[in-house]
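Every number in this text was worked out from the coordinates using simple rules, so none of it is lab data. Small disclaimer: the values here were computed from a predicted structure and weren't measured. Cβ: placed from backbone, ideal geometry, glycine included. Neighbour counts: every protein chain shown.
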Amino acid sequence: MKLLLDSTRCQGYGLCQEPAPDLVELDEWGYANVITVVVPAGTEDAARACVESCPNSALRVEG
């Protein structure tokens, strides 16, 4: 499974980091950066919750 970010859609709400702090970090303005594209085993639910928490659909999972 991969966690992908469309940075052009991110508005810096920072909601995505709450369910997945090991997968997403925020820059100094609150914009998301994916720490690792390949989702480690055992964190799939956190990755899905991260995607669902984004109000602008900037994140998605594949695979």
- [ ] Collect the residues in region 1-11 that are in a loop (DSSP other than H, G, I, E, B) and surrounded by fewer than 19 Cβ atoms within 10 Å (Cβ to Cβ), keeping them in residue-number order.
- [x] M1, D6, S7, T8, R9, Q11
Open item on the list: With the requirement that a residue be β-branched (V, I, T) and over 17 Å from N56 (Cα atoms), what does region 6-39 give you?
Closed with: I35, T36, V37, V38, V39
Task: Hey, V61 free of Cβ contacts under 8 Å to residues at least 60 places away in the same chain and of a type in the set (V, I, T) or not - done: no
Task: Residues that are surrounded by 13 or more Cβ atoms within 10 Å (Cβ to Cβ), over 9 Å from the mean Cα position of the chain (by Cα) and assigned to a strand (DSSP E or B), drawn from region 12-60 - done: L26
